[in-house]
Structure formats: C-alpha cells, structure tokens
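Novice: My questions all concern the structure below.
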Amino acid sequence: MVDLPVLSNSAPGCAVGSAAPVGGRKPDWLRVRAPGGDSYTLIKKTLRDRGLFTVCEEAHCPNVGECWSGGTATFMVLGEMCTRGCRFCAVTTGNPGGWVDRDEPRKLAESVALMGLKYIVLTMVDRDDLDDGGAHHVAECIGHLKRCEPDLIVEALVSDFSGDKAAINAVVESQVDVYGHNIETVARLQRTVRDARCGYEQSLAVLRHAKQHEFAPYTKSSIMVGLGESHAEVLATMRDLRDAQVDFLTIGQYLQPTHRHLEVAEWIHPDQFEQLRVEGETMGFGYVAAGPLVRSSYRAGEFFIESLVRQRRECAASVMPGEAAWGASR
C-alpha cells in the first residue's frame, strides 16, 4: 500500500459532520495500492499506441490501479485540453482551436475490441470552442462503438453543452445506456469550485432534459465533498438530483491536485460516507456509491449498473425481438 499523493477529482465525492484535520499526513483510509498487473499494462500500451486519453490519467484518479487491473477504463474523447478552468480539476485548461480527431471513433472501437471490454465509460473535456460543444463527436463515438460491439454497454459522462438541448439530444439518441453529468458540489459553492460558465441550475436542467427524452436513458451524477459544504447542503443537492429523476449517484472525497487548486477543507470519514449512501438510497436513487475514493467512473458501481441495463435489454427484447440492439437499452 502507498500513501495517496495529492490528486484530483474528475467525478468525485461528498461531506458531512466532523472530519479528520486538514494538513499533514492524510488519513489511513486514503491509501491505495500502486498500479500494476497484466490488464493495467495492456490498457496503458493500447492507449499509447492509438494516441487515446483517459480521465483516469489526465485527472490523476486514485483508482487507476484498481480499475485498470480489473479491465475497466474511462476513455476521454475530444483531446486533453479543456476550455474551462474549474478550481478542483487537474485537466489542462486552454483553447484547442476547434481541433477534433475525426478518427477517434475507429480508434476507440479497436481498443475496446482488443481489451475485450463489455462496459466502458466515455468522458470528455469541455469544448466551448465547438459550436455544439462536441456533442455530435461524442454521439459519433458512441454510435460507432455500438455498431462494432452491439453487446457493449456505454456510459457517457459529458459536459453541460452550455444547456443546448439539441446537443443533449444528440448524445441521448446515440444509443447511450447511461447519460452522466456531474453537478460537482452544492449550490452555495458552485462559483467557488466550478468555472463561471457552469451552474447548479444548468446542470440540473441538463440531467432533467436527458431523462425526459423519449428514449429515457439511465442518468447519473456526482458530488464532491470536503470543500466546506454542510451535511444539510449535501442532502439538499441529493434531493434536487432526485427531483430531476437522476437514477445513480456517486459521492467522494475532494483531493487537491496541486497547490494552485482549492485546498481540502476537511477529510470525511468512511462512516459518514456510508450514512450518505443509506440516505441516498432512502431518497430513491437506484444506486449510490459513496466513499473517500469513489469517483464518477467507479468500477464497483459499473457492475451494478451493467446488470440493470442488461435486464432492461432482455425485457425489451422479449417485447420487441427485432429491436433489442436499440430499444432494449432504453
């Protein structure tokens, strides 16, 4: 086991009650195994050979060893440069100038086939330099993956697309199984934590619109904690997400990427995360993953979600035998 270095969140956590003091040695529960193993090595080589990126690396996710060694990876499309500058995130900020790798859908499909993956997560940087925020490229990637691997389950963790409903529709209609977008933090801390172009109500509206689409994919969001929010504020955020009909929720500890990013206000004990998990399931979320190292793309959660998606497909196939590839995922 190794001490967890100062890393970042890309889809993180939640806080409540008393916590370990900030500064000095991190709590024992923030210790992870150093990455390694055959699956880890294969995924790393496959990504390098094809010039692909993962949020696992770009955001310095603490679970990269567990997920990659278990054969799970989160692919980050549309490059490694984000047009927004959230104060919690380690991904590089800048202006890609409209650059898009048009061959990315093929590279992704080849990589997924080579690794033998059955459940993948596609995430993205914000691309305000593109007219549609990159939505149609994401949709093209998902559509190509589905055509090449019909049995594949695809979860997309996407930006808010500046609230553009047409952009949201493009991703929903790509046959995505889980539509994810992170609200990140409580309403009071939005302007402190996120880029000014993001917003609490805008994120809720995105999730609500995706769910209200006629295809009604599963929806998912994430909350970071340890930023100075109160327990009551976290619960209020969870209720707002349920009011937007969000199905799945992840809650994890915020970790400071560099000294230039927001400092950790408090370390949240695992028992408090368990309390939030129970409260979330009581609210009606289909699944809540809550813990210090939980992130949006969380392997244990993917196992549960995969079973629900496959059950839905089987039910749809029994009603519409000829439409299982598309309608069954809805």
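The values are calculated or read from the model by the stated rules, or taken from the named source; none is laboratory data. Because the structure is predicted, anything quoted here is derived from the model rather than measured. Every residue, glycine as well, gets a Cβ built from its backbone with ideal geometry; the counts of neighbours run over all protein chains shown.
Novice: Scan Arg313, Arg277, Arg295 and give me the residue that is under 30 Å from Lys118 (Cβ atoms), among the basic types (Lys, Arg), surrounded by 15 or more Cβ atoms within 10 Å (Cβ to Cβ) and under 16 Å from the mean Cα position of the chain (by Cα).
Specialist: None of the others qualify; the one that does is Arg295.
Novice: Is the range 102-117 home to any residue that is touching a strand residue (DSSP E or B) at 6+ places or on another chain (Cβ under 9 Å), in a loop (DSSP other than H, G, I, E, B), without any contact (Cβ under 8 Å) to a residue 40 or more places away in the chain and not acidic (Asp, Glu)?
Specialist: no
Yes/no per residue for (1) under 29 Å from Gly228 (Cβ atoms); (2) modelled with pLDDT of 95 or more; (3) not in a helix (DSSP H, G or I):
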{"site": "Leu130", "(1), (2), (3)": "no, yes, yes"}
{"site": "Asp151", "(1), (2), (3)": "no, no, yes"}
{"site": "Ser159", "(1), (2), (3)": "yes, yes, yes"}
{"site": "Val171", "(1), (2), (3)": "no, yes, no"}
{"site": "Arg191", "(1), (2), (3)": "yes, yes, no"}
{"site": "Arg197", "(1), (2), (3)": "yes, yes, yes"}
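Novice: Could you say whether any residue in the range 93-100 is buried (at least 22 other Cβ atoms within 10 Å of the Cβ) and part of a loop (DSSP other than H, G, I, E, B)?
Specialist: Among the residues of the range 93-100, not one is buried (at least 22 other Cβ atoms within 10 Å of the Cβ) and part of a loop (DSSP other than H, G, I, E, B), which makes the answer no.
Novice: If you don't mind, another one. Collect the residues in the range 201-226 that are in contact (Cβ under 8 Å) with a residue 40 or more places away in the chain, surrounded by fewer than 24 Cβ atoms within 10 Å (Cβ to Cβ) and in a helix (DSSP H, G or I), keeping them in residue-number order.
Specialist: The answer is Gln202, Ser203, Leu204, Ala205, His209.
Novice: Here is a further query. Got a number for residues in the range 251-285 being at pLDDT below 95 and closer than 13 Å to Lys220 by Cβ?
Specialist: So the answer is 0.
Novice: Could you list, ordered by first residue, the pairs with Cβ atoms under 6 Å in which the first is in the range 64-85 and closer than 12 Å to Trp99 by Cα and the second is modelled with pLDDT under 65, at least 6 apart or interchain?
Specialist: That search, which allows pairs on different chains as well, returns Glu80/Phe53; Glu80/Glu58.
Novice: Still on this model: Which of (1) surrounded by fewer than 17 Cβ atoms within 10 Å (Cβ to Cβ); (2) modelled with pLDDT of 95 or more does Ser307 not meet, given it meets every other one?
Specialist: (2)
Novice: Here's something else I'd like to know. Go through (1) of a type outside the set (Ser, Thr, Tyr); (2) outside any loop (DSSP other than H, G, I, E, B); (3) within 30 Å of Asp151 (Cβ to Cβ) one by one and return the number of the condition Gln245 breaks.
Specialist: Among (1) of a type outside the set (Ser, Thr, Tyr); (2) outside any loop (DSSP other than H, G, I, E, B); (3) within 30 Å of Asp151 (Cβ to Cβ), Gln245 violates only (2).
Novice: For the range 119-132, which positions are under 17 Å from the mean Cα position of the chain (by Cα) and either free of Cβ contacts under 8 Å to residues at least 60 places away in the same chain or over 17 Å from Val206 (Cβ atoms) (or both)?
Specialist: Tyr119, Ile120, Val121, Leu122, Met124, Val125, Arg127
Novice: Select from the range 248-278 the residues that are among the polar types (S, T, N, Q) and assigned to a strand (DSSP E or B) and write down the one among them that is nearest to Ala290 (Cα to Cα).
Specialist: Thr250
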